[in-house]
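S.K.: Below you'll find the structure I mean.
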Amino acid sequence: MIKNIKILNNFNQRLDKYLKQRYTSLTQGFIEKNIRKKNILINNSSTKANYLIKLNDELRILNYHEKLYKNKIIYKKNIKISKEILVEFKKSIIFENNDFIVLNKWSQIATQGGSKIITSIDHIINNINAQYRLVHRLDKETSGLLLIAKNLNYAKKLSFLFKQKEISKFYIAICEGFPKNNISQIKLEIKTKKLKTEDTLTNYKVLNKNKRISSILFNPHTGKTHQLRIVSKNLGCPIVGDHKYNVYSKYTKENLMLHAFALRFTIDKKKFEFISNLPDDFLKFIKKNNLKINKDLKNYLNSS
């Protein structure tokens, strides 16, 4: 049986993700296999899993059968979220409208679940509303601004903005030592867990420094796993509290001193800018080590 589907919305979504949402029983392997065998076509031509479907595209499934292309009921394990964590979550919201939330994520909570993760931001938002979705991630140890979509429409819009690099992200890090140049742009190849090489691009500016430590503003143009932590190490000034990339640190008891303090983007013709204050452990460490920092962090954005 042949199934023809006319795309009536401008999704800008990958073909494989569209198929998984439409037919939830499909696996990635099944989709890629049938694309290779040309059982799944776009506009009557062969295609790829990462093809971005567009308005008026025609999706054609040549081996369609209700038993193959079906939806399954997914039973999610109900993870109980403590009242204390829910209070912390709600207290950490710095902006909310009908479409998205801006959360000032605290350190030591994972963004997503995993085999060793008991509670994550993803668990919390699913406990509040099943429609809420993550659109990007921060490392467990990293604090700062995290966008959460409140509906599928904005999940797609915000994810698209991140993919197109139209959301500007700014971080402040306290580093052990300081780079040779006070302002520069770093192009660095980073190896993934699967040993693939990915290109990264990062702008940075030294905000202040003394003989031992420095505060650095980072503006990454790519969003790879541990990008800023690896870039800092490569610059010769690994981040304080980074137990993975700064194993010989003098500050072994500190949390990771990396904070995602600002986001800028335009969506639906509206401009947004969000800024969060530095966490208490940052401020205590800065004061203890005689490192000056401007209390109004927006000034750093204006000078970046």
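The values are calculated or read from the model by the stated rules, or taken from the named source; none is laboratory data. These numbers were taken from a predicted model, which means no experiment stands behind them. With ideal geometry, Cβ positions are generated from the backbone for all residues, glycine too; neighbour counts draw on all protein chains shown.
S.K.: Could you tell me whether any residue of segment 241-248 is under 21 Å from Asn290 (Cβ atoms), part of a loop (DSSP other than H, G, I, E, B), in the same structural domain as Leu297 (by TED's automatic domain parsing) and free of Cβ contacts under 8 Å to residues at least 40 places away in the same chain?
M.R.: No, segment 241-248 contains no residue that is under 21 Å from Asn290 (Cβ atoms), part of a loop (DSSP other than H, G, I, E, B), in the same structural domain as Leu297 (by TED's automatic domain parsing) and free of Cβ contacts under 8 Å to residues at least 40 places away in the same chain.
S.K.: Any chance segment 66-73 includes a residue that's acidic (Asp, Glu), under 30 Å from Asn39 (Cα atoms), outside the structural domain of Ile239 (by TED's automatic domain parsing) and in a loop (DSSP other than H, G, I, E, B)?
M.R.: Scanning segment 66-73 turns up at least one residue that is acidic (Asp, Glu), under 30 Å from Asn39 (Cα atoms), outside the structural domain of Ile239 (by TED's automatic domain parsing) and in a loop (DSSP other than H, G, I, E, B).
S.K.: The conditions are (1) among the aliphatic types (A, V, I, L, M); (2) outside the structural domain of Glu254 (by TED's automatic domain parsing); (3) free of Cβ contacts under 8 Å to residues at least 40 places away in the same chain, and Leu201 fails exactly one of them. Which is it?
M.R.: (2)
S.K.: Quick one: in segment 81-105, of everything that is among the basic types (Lys, Arg) and outside any strand (DSSP E or B), which residue is surrounded by the most Cβ atoms within 10 Å (Cβ to Cβ)?
M.R.: Restricting to residues being among the basic types (Lys, Arg) and outside any strand (DSSP E or B), the top hit is Lys90.
S.K.: Related question: List the residue pairs whose Cβ atoms are under 9 Å apart, where the first residue sits in segment 32-54 and is outside the structural domain of Lys20 (by TED's automatic domain parsing) and surrounded by 17 or more Cβ atoms within 10 Å (Cβ to Cβ), the second is at pLDDT 95 or above and not in a loop (DSSP other than H, G, I, E, B), and the two are 6 or more positions apart or on different chains.
M.R.: none
S.K.: Residues in segment 209-218: is at least one without any contact (Cβ under 8 Å) to a residue 24 or more places away in the chain, touching a strand residue (DSSP E or B) at 6+ places or on another chain (Cβ under 8 Å) and not in a loop (DSSP other than H, G, I, E, B)?
M.R.: For segment 209-218, residues without any contact (Cβ under 8 Å) to a residue 24 or more places away in the chain, touching a strand residue (DSSP E or B) at 6+ places or on another chain (Cβ under 8 Å) and not in a loop (DSSP other than H, G, I, E, B): absent.
S.K.: Just checking, does segment 261-268 include any residue being crowded, with 16+ Cβ neighbours inside 10 Å, at pLDDT 95 or above and among the aromatic types (Phe, Trp, Tyr)?
M.R.: Scanning segment 261-268, I find at least one residue that is crowded, with 16+ Cβ neighbours inside 10 Å, at pLDDT 95 or above and among the aromatic types (Phe, Trp, Tyr), so the answer is yes.
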